[in-house]
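See below for the structure under consideration.
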Amino acid sequence: MEKERAAQAARVVRGNCARIKELMKRATAGDDIHIGFLGGSITQGSVATAPEKCYAARVYRWWEEKFPQSRFSYINAGIGGTTSLFGAARAWEDMMCYRPDFVVVDFTVNDDALPIFQETFEGVLRQLYGNGHTAVLILNNAFYDDGRNAQELHNELAAHYQIPAVSVRESIFAMLQDGTIPAAEITQDFLHPNDKGHELLAYMITYQLDEIYADLDNTEAEPAYPDALTQNRFEGAKRFQIKNSHPELQGFLVDPREKNYLLDLYKYGWTAEHTGACFTLDLDCSYIAVQYLRSIRKPRPVAEAVVDGDSAHAVTLDGNFDEDWGDCLALTEVMNQKERGHHQLTIRIKETHPSEAGPFYLVSVITD
């Protein structure tokens, strides 16, 4: 499969291009335009040898080069190892507060192919797209060894909202399968693209943008904004840290250090290092997830999360990471119910070690 044919196959949901066309007309007229990217490690630029070589920066340059009469700003809100649950909780703070005009969003390899991640991804989309202004393009990355991802669930939403979607599985992965390009040329771990892989990924996106630009004179009417496809609990997802919550602390300490940049992840949380230390927070919600540090610098304390005193169903929060690629910003579901209600979350340190490499770090609590 040669590159151009692969790029044609990449567009798995054509969607409605009215917003992208309107944005291109504004860029032609010389408006100031804000281009954003929201996703995981591939969006962040993992494995690229320099930030400007990741796919997001390359797509951003397409806009600059296509419309030199306009001024552009670049917002890369990729955070490695994160799902659309965290994406829904941070969509405003990390993306929408900048009033982006165009956003590429991708959580397709970090989300599992489970209904909860269709619901959390819809929460992201409704925050990005629901303002009636921002143009959105959905990117489906995939594992390069077997093509797995969550795109069926995500692209059902793309079709529902008529948002264009571009798929690696139908394009780059297909090129690997038919021998057009060896996997070793574009990835070393069958997930994260190298510089050449990022260049190819960017081409799959900019090819679609070129196609839309070539069709600019064919006006499209934007469809009515639809009702949610899922229960849609995460359009208003909440993230609790030290600045917006008042937990009861017994042995946990607040971390008041200021966050300096997007990837300065372990700030505004709580720490504990002694067995029995306890964190208690009252919440009104139907869903609770706990975000915490799992570190390769071991040993670390092990905690457990208990909801409404139900110790029989306690969830373990192990601060020791069992992989070696780096520290992990873990996000663990501890409660998922159909109806909202008042609940009490307790996090208790249950295991420590004589020579700890660091404390248990509770980053945040996320609810619907």
### Message
Whether any residue in the range 90-104 is out of contact with any strand residue (DSSP E or B) (no Cβ under 7 Å at 6 or more places or on another chain), within 30 Å of Asp146 (Cα to Cα), of a type outside the set (S, T, N, Q) and surrounded by fewer than 22 Cβ atoms within 10 Å (Cβ to Cβ) is what I want to check.
### Response
no
## Note on the structure
From the option list Glu52, Glu65, single residue qualifying as under 21 Å from the mean Cα position of the chain (by Cα) and surrounded by fewer than 21 Cβ atoms within 10 Å (Cβ to Cβ) is Glu52
### Message
Looking only at the range 328-368, count every residue that is under 22 Å from Asp310 (Cα atoms), surrounded by fewer than 21 Cβ atoms within 10 Å (Cβ to Cβ) and among the acidic types (Asp, Glu) and tell me the total.
### Response
3
#### Entry: Any pair with Cβ under 8 angstrom, 6 or more apart, that starts in the range 245-261 at a residue that is assigned to a loop (DSSP other than H, G, I, E, B) and ends at one that is acidic (Asp, Glu) and modelled with pLDDT of 95 or more
none
### Task
Using the structure shown, decide if Glu356 is part of a strand (DSSP E or B) and more than 30 Å from Gln188 (Cα to Cα).
no
### Task
Could you list all residues from the range 105-126 that are buried (at least 24 other Cβ atoms within 10 Å of the Cβ) and β-branched (Val, Ile, Thr)?
Val105, Thr108, Thr120, Val124
### Task
Tell me which residues, restricted to the range 294-316, are more than 21 Å from Asp111 (Cβ to Cβ) and in a strand (DSSP E or B).
Ser295, Val302, Ala303, Glu304, Ala305, Val306, Val307, Thr316
### Message
Tell me yes or no: at least one residue of the range 185-204 is more than 25 Å from the chain's Cα centre (by Cα), surrounded by fewer than 18 Cβ atoms within 10 Å (Cβ to Cβ) and of a type outside the set (A, V, I, L, M, F, W, C).
### Response
yes
### Task
Give the residues of the range 210-235 that are small (Gly, Ala, Ser) and farther than 17 Å from Pro115 by Cα, sorted by residue number.
Ala214, Ala221, Ala224
### Task
Starting from the range 16-33, keep only residues that are more than 14 Å from Glu211 (Cα to Cα) and touching a residue at least 12 places away in the same chain (Cβ under 8 Å), then list their pairs with residues that are β-branched (Val, Ile, Thr) and surrounded by 15 or more Cβ atoms within 10 Å (Cβ to Cβ) whose Cβ atoms are within a distance under 7 Å, requiring at least 6 positions of separation or different chains.
Leu23/Ile33; Arg26/Ile33; Ala27/Ile33
### Task
Mind listing whichever residues of the range 287-304 are buried (at least 17 other Cβ atoms within 10 Å of the Cβ) and under 24 Å from the mean Cα position of the chain (by Cα)?
Tyr287, Ile288, Ala289, Val290, Gln291, Tyr292, Leu293, Arg294, Ser295
### Task
Out of Gln162, Gln151, Gln177, report the one residue that is more than 20 Å from Ser41 (Cβ to Cβ), buried (at least 17 other Cβ atoms within 10 Å of the Cβ) and not β-branched (Val, Ile, Thr).
Gln162
### Query
Gln44 versus (1) over 19 Å from Tyr207 (Cβ atoms); (2) free of Cβ contacts under 8 Å to residues at least 24 places away in the same chain: which is the lone unmet condition?
(2)
### Query
Which condition breaks for Thr316 when tested against (1) surrounded by fewer than 15 Cβ atoms within 10 Å (Cβ to Cβ); (2) under 16 Å from Phe86 (Cα atoms)?
(2)
### Query
Would you say Arg239 is touching an Asp or Glu at 6+ places or on another chain (Cβ under 6 Å) and closer than 23 Å to Phe121 by Cβ?
no
### Message
I want to confirm something. Restricting to the range 25-47 and keeping residues that are surrounded by fewer than 22 Cβ atoms within 10 Å (Cβ to Cβ) and either closer than 30 Å to Leu331 by Cα or aliphatic (A, V, I, L, M) (or both), which single residue is nearest to the chain's Cα centre (by Cα)?
### Response
Ser41
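Residue-by-condition table, conditions (1) touching a helix residue (DSSP H, G or I) at 6+ places or on another chain (Cβ under 9 Å); (2) without any contact (Cβ under 8 Å) to a residue 12 or more places away in the chain; (3) in a strand (DSSP E or B):
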{"position": "Arg61", "(1), (2), (3)": "yes, yes, no"}
{"position": "Pro68", "(1), (2), (3)": "no, yes, no"}
{"position": "Ser73", "(1), (2), (3)": "yes, no, yes"}
{"position": "Val103", "(1), (2), (3)": "yes, no, yes"}
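The values are calculated or read from the model by the stated rules, or taken from the named source; none is laboratory data. Please read these numbers as outputs of a predicted model, since none were measured by experiment. FYI the Cβ positions are ideal-geometry reconstructions off the backbone, even for glycines, and counts take in every protein chain you see.
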